[in-house]
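The values are calculated or read from the model by the stated rules, or taken from the named source; none is laboratory data. The structure displayed is predicted, hence computed values, not measured ones. When we count neighbours, we look across all protein chains shown, and the Cβ atoms used for this are built from the backbone with ideal geometry, even at glycine. These accessible areas exclude ligands, DNA and RNA; they are computed on the full protein's heavy atoms, side chains included. Shrake-Rupley method; radii C 1.70, N 1.55, O 1.52, S 1.80 Å.
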Amino acid sequence: IAVDQTGSWLVAGSNNCIVTVWDTGALDQPPQVLVGHSDKVRAAAFVPSTTTLLTAGDDRSIRRWDVQEATGPGIVLTAAADEQRVIALCVAPDGRSVITAGRDHAVRRWTLEGTTLTLEPLVFAAHSQTIRAVSCHSSGRFASLGADGLVMWDLERPPRSGRVVPVGAEVNGIAVRPGVAGDVAVAANDADRGTVVVERPSGDPGEIDLGTTFPFAIAYSRDGELVAVAGDQPAGPDSLAGVAVIYDADTLAEVARTAARPGQTMRAVAVLDASTYATGADGGLIQLSVDGVVREARTESGFGVRALAHTPTGELLVGDEFGALYCYDTADPDRPVGRIDLGRAITSIAVGGDGTVVAGTADGFVAAFIEAIATD
């Protein structure tokens with residue numbers, strides 16, 4: 001459906017290929033019926049400040065009508081607006097920019113001049129599923145919504161692109177090294193082995209062969225001197241056990257390691273220095289190494305740990321599948337000193353130098369805490 005800017009005209013496209021037009025000031029009168037599309041009409045939008053209507057649908061055409069003087073099949077502006085079918089259409093406030101999207105996952109931008117619709121060469125590709133709706137905010141800012149999420153487009157912002165680094169395996173974690181080095185470490189695995197690829201802007205890339213260890217998490221220490229990896233390794237013919245390994249960030253030589261009992265996968269890791277680090281595993285298990293002494297704790301929920309991070313003052317933040325965010329005193333980890341329930345599985349935690357905490361969840365929610373949470 002669509003309504004013009006003055007509220008005078010209401011239109012609806014339907015599965016029987018027609019467009020129905022009502023004069024809102026005379027709803028007791030029969031509506032106009034516009035015939036021209038050869039398949040389902042899925043999108044309609046008025047050109048602002050006019051009675052010009054654009055419609056589109058499964059026949060891939062975009063048609064132009066004047067609802068005040070509508071006769072005949074309308075003007076076909078294009079017969080191939082999408083590789084499969086058009087589901088969404090909007091017109092920018094300037095009346096010249098038209099956005100379409102649909103089944104082929106692509107967003108397209110057109111220029112409308114009278115009865116001429118010209119496709120711009122750039123196709124906006126970000127979605128991986130059918131796009132159900134688009135919204136025009138200005139000639140250069142628009143939004144698209146699909147089953148895979150919402151994308152905001154702004155043509156005034158410079159495009160961002162990065163150099164593709166082949167990993168050759170399934171990526172499970174990524175970490176950026178603090179400081180000026182700017183190294184990026186990627187933890188990945190294929191069917192046979194795990195690996196960490198370190199891309200170094202200032203030099204040749206490095207690689208850590210994890211052998212039969214499959215990584216699930218990777219993190220740098222706050223000073224950038226160490227990089228830690230947590231994951232699974234074989235513990236017997238039919239079992240796996242969690243393992244965490246700490247490496248020197250420059251040489252990639254192993255510095256320390258710790259393991260969980262069989263059957264518990266390590267899915268999170270955080271490191272302060274070679275003797276102070278933490279890992280999180282299934283069943284709510286937390287292993288803390290403080291000055292070389294390893295202690296265990298468990299989340300109050302008993303759900304698996306999915307995220308860890310140290311605060312600037314040394315406390316440990318823990319996020320679990322239950323959606324609880326805990327703060328532990330690493331010197332006395334028997335019970336948390338603080339807890340906040342987000343109600344969503346927490347999959348990542350980041351802490352700023354000023355103590356600001358940001359937590360990300362499995363369903364796309366982000367929570368930010370401006371002050372430290374290490375309080376009862």
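For the range 286-349, what does the relative contact order come out to in percent, with C-alpha contacts under 8 Å and a separation of six or more?
On the way: 134 pairs, mean separation 18.0, N = 64.
Relative contact order for the range 286-349 comes out at 28 percent.
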Using Cα-Cα distances under 8 Å and only pairs 6 or more residues apart, what relative contact order does the chain have, in percent? 6 percent
Using the heavy atoms of the protein chains alone and a 1.4 angstrom probe, what is the accessible area of the chain per residue in square angstrom? 48 Å²
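What is the Å³ per residue value for the convex hull set by the Cα atoms of the range 74-166?
116 Å³
Show me the ranking of peptides 191-199, 125-133 by mean Cβ neighbours inside 10 Å, starting with the highest.
Descending mean neighbour count gives 191-199, 125-133.
Quick one: which of 141-149, 38-46 comes out on top by average Cβ neighbours within 10 Å, and what's the full order, highest first?
On the way: 141-149: 17.1, 38-46: 19.6.
The densest-packed peptide leads the list: 38-46, 141-149.
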Karplus couplings for the range 147-153 from phi (6.51 cos²θ - 1.76 cosθ + 1.60, θ = phi - 60°), rounded to Hz, Gly and Pro as x? 5, 8, x, 9, 10, 9, 10
Which Cys residues of the chain have no other Cys beta carbon under 4.7 Å away? 17, 327
Quick tally, 1.4 Å probe accessible area for 348, 221, sorted with the most first, runs 348, 221
For the range 344-353, take each phi angle, set θ = phi - 60°, evaluate the Karplus expression 6.51 cos²θ - 1.76 cosθ + 1.60, and give the result in whole Hz per residue in order, putting x for glycine and proline. 9, 4, 8, 10, 7, 9, 10, 10, x, x
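Taking only the C-alpha atoms, wrap a convex hull around the chain and report its volume per residue in Å³ as a whole number.
Details: hull volume 74.9 nm³, N = 376.
Once divided by residue count, the hull of the chain is 199 Å³.
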Diffing the range 114-119: the Karplus 3J(HN,Hα) column from phi (6.51, -1.76, 1.60, θ = phi - 60°), in whole Hz with x for Gly and Pro, holds x, 9, 10, 10, 10, 6
Sorted by chain and number, the residues with a modelled amide H under 5 Å from that of residue 306, at a separation of 5 or more or across chains, are 319, 320, 321
Protection-proxy order for peptides 336-344, 102-110, each taking the mean of Cβ atoms within 10 Å per residue, highest first: 102-110, 336-344
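To the nearest whole percent, what portion of all C-alpha pairs in the range 265-376 is separated by more than 16 angstrom?
Values: 3198 of 6216 pairs.
When all Cα pairs of the range 265-376 are counted, 51 percent exceed 16 Å.
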Ignoring ligands and nucleic acids, residue 112 exposes an accessible area, probe 1.4 Å, in Å² to the nearest 10, of 10 Å²
Rounded, prolate or oblate: which fits the range 1-68 when a ≥ b ≥ c are the square roots of the eigenvalues of the alpha-carbon gyration tensor, with rounded for a/c under 1.5 and prolate only if a/b beats b/c? oblate
With a/c under 1.5 counting as rounded, go ahead and sort the range 175-315 into rounded, prolate or oblate using the C-alpha gyration tensor (a ≥ b ≥ c being the square roots of the eigenvalues; past the cut-off, prolate if a/b is larger than b/c, else oblate). oblate
Other-chain or far-sequence residues with amide H under 5 Å of residue 57's (modelled H): 42, 86
Under 5 Å, built H, 5+ apart or other chain: amide partners of residue 268: 280
Sorted by accessible area (1.4 Å probe), largest first, how do 315, 113 line up? 113, 315
With a ≥ b ≥ c from the Cα gyration tensor eigenvalues, square-rooted, and the rule rounded for a/c under 1.5, otherwise prolate when a/b > b/c and oblate otherwise, the range 29-121 is oblate
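Could you look at the range 276-322 and say what percent of its accessible area is carbon and sulfur, using a 1.4 Å probe and all protein chains?
Values: 840 of 1650 Å².
The value for the range 276-322 is 51 percent carbon and sulfur by accessible area.
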